[in-house]
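The values are calculated or read from the model by the stated rules, or taken from the named source; none is laboratory data. Keep in mind that this is a model prediction, so the values were computed, not measured. Positions of Cβ are backbone-derived with ideal geometry, glycine not excepted, and every protein chain shown enters the neighbour counts. With ligands, DNA and RNA removed, areas are computed over all heavy atoms of the protein, side chains included. Shrake-Rupley method; radii C 1.70, N 1.55, O 1.52, S 1.80 Å.
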Amino acid sequence: MSAYVFTGQQALQLEELLRVESYRLLSQVEARWKGKRGPKPHQLHGLHNIARTEKEVERIIAFTRHQSGKAGASDPKFWQLVGKELSGLRQKAQELAARLIPDLSQDKPAIREIHLRLVRDYVQHLRAELLYQQAT
Amino acid sequence: MNTQIQNLEQLRAERAYRLALDRALDRRSDKLYNDKTLIGLAEQARTRLKDTQMRHLERLACSTDRLADLFDYIKGQVGKDKEGKGWNKGGFGTVLLNALRKLDGEARTVLTAVRQDSGHQGPEDALRQIHLALCREYVRHLTAHYFYKEAIGGG
């Protein structure tokens with residue numbers, strides 16, 4: 001699937017919305033994962049790498065399903081929860097899309113692109129938060 | 001004609017907001033410079049961080065538009081320090097993180113005052129922007145104290 005490219009004023013507005021949303025997502029991650037240690041650091045790095053490099057949200061979510069289904073997975077519930085959280089960000093992506101241009105809320109490629117950005121942000125916050133909790 | 005007048009009024013109000021904000025941030029920055037926690041952190045940083053790490057923190061704080069990036073960076077650095085010899089030594093990273101988070105309260109005070117002074121509400125995410133600006137000032141002062149102490153060979 002080809003990526004949607006935001007340009008001009010729309011791109012600027014989107015960056016602004018994502019900046020604000022990033023801080024809100026950080027608070028969400030901290031509240032959601034408080035007191036939880038998550039998987040080993042290398043697995044968190046793996047998730048972060050996948051999120052950074054994959055161009056489709058579905059592949060990132062599929063990765064979490066794959067991790068949860070692995071034989072001998074130490075914490076399948078963690079991966080299930082992460083997958084659920086990442087899927088849930090689609091709703092926020094639709095809201096943000098609607099704020100850019102009302103018609104955009106029907107534009108699936110645009111919503112997918114915003115969803116991808118939110119997922120990347122979420123995973124960045126998640127990795128940092130869990131590494132921090134494991135160390136402190 | 002009325003639209004032109006409204007636009008001019010809007011521009012004046014935004015300018016008044018901007019000026020009031022700059023003044024308020026300057027005052028807060030000067031207060032932060034002598035903050036005891038900040039000075040204590042700078043002392044601790046000298047036995048925990050390398051010069052390059054300090055510079056990197058400063059560069060990140062001054063270049064990012066996202067508060068979350070700054071907090072994630074510090075958390076990540078603490079997380080990497082498994083041996084507790086650097087960012088995680090004696091809870092250094094946690095104290096710094098908490099100090100930066102607490103600036104949220106200062107940001108609210110600044111925003112209230114600026115809105116009163118200028119009669120303008122400011123942008124939608126004014127609070128986040130002010131919080132980020134204060135975090136930048138905090139990290140700049142931290143870096144300055146760090147390198148000053150190093151240069152005079154204190155401690």
Once neighbouring chains are kept in place and the probe is 1.4 Å, which whole percent of the accessible area of the protein assembly as shown is contributed by carbon and sulfur?
50
Each label point is 7 Å from the Cα along the Cα-to-Cβ direction; what then is the distance between the points at B:Asn7 and A:Asp75, in nm?
5.6
Helix-only mean residue ellipticity at 222 nm for chain A, each DSSP H run of n ≥ 4 adding -39500 (n - 2.57), per residue, nearest 500
-26500 deg cm²/dmol
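Over chain B, what portion of Cα pair distances is larger than 20 Å, expressed as a whole percent?
Details: 6429 of 11935 pairs.
Of all Cα-Cα pairs in chain B, 54 percent lie more than 20 Å apart.
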If you bin every alpha carbon distance in the stretch A:1-78 into 5 Å steps from zero, what whole percent lands in each bin?
3, 12, 14, 20, 22, 13, 9, 5, 2, 0
Per the helix-only calculation at 222 nm, which mean residue ellipticity applies to chain B, given -39500 (n - 2.57) for every DSSP H run of n ≥ 4 and division by its residues, nearest 500 deg cm²/dmol?
-27500 deg cm²/dmol
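According to the Kirkwood expression over distinct Cα-Cα pairs, how big is the hydrodynamic radius of the protein assembly as shown, in Å? Walk me through the numbers before you get to the answer.
Details: mean 1/r = 0.0472 Å⁻¹.
Over the protein assembly as shown, the inverse of the mean reciprocal pair distance is 21.2 Å.
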Using Cα springs under 10 Å in a Gaussian network model of chain B, which residue among B:Asp51, B:Asp72, B:Asp125 shows the largest mean-square fluctuation?
B:Asp125
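Which value, in debye to the nearest 20, gives the size of the charge dipole of the protein assembly as shown about its Cα centre, when Lys and Arg are +1 and Asp and Glu are -1 at the Cβ? Mind showing how you got there, number by number?
Values: 49 positive and 36 negative charges, 215 e Å.
Roughly 1040 debye, rounded to the nearest 20.
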Assigned charges on the beta-carbon of Lys, Arg, Asp, Glu; chain A dipole about Cα centre (debye):
580
Distance histogram for the stretch A:21-65 (every C-alpha pair counted, 5 angstrom bins, percent rounded to whole numbers)
5, 18, 18, 26, 28, 5, 0
For the interface of A with B, what's the total buried accessible surface in square angstrom, probe 1.4 angstrom, rounded to the nearest hundred?
1700
Give the residue from A:Val123, A:Val57, A:Gln67 lying farthest towards the positive end of the charge dipole for the stretch A:44-136; charges sit on Cβ (+1 for Lys and Arg, -1 for Asp and Glu) and the dipole is referred to the Cα centre.
A:Gln67
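So, with +1 on the Cβ of K and R and -1 on the Cβ of D and E, and no other charges, what is the size of the charge dipole of the stretch B:28-155 about its Cα centre, to the nearest 20 debye?
Working: 22 positive and 17 negative charges, 85 e Å.
With Lys and Arg at +1 and Asp and Glu at -1, about 420 debye.
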Rounded to the nearest 10 degrees, what's the angle between the helix B:51-63 long axis and the longest principal axis of chain B, both from Cα atoms, 0 to 90?
10
Return, ordered by residue number, the residues of the stretch B:1-30 whose backbone nitrogen is under 19 Å from a label point located 7 Å along Cα→Cβ of B:Asp117.
B:11-30
So what's chain A giving for Rg/Rh, alpha carbon basis, Kirkwood Rh from the mean inverse pair distance?
0.99
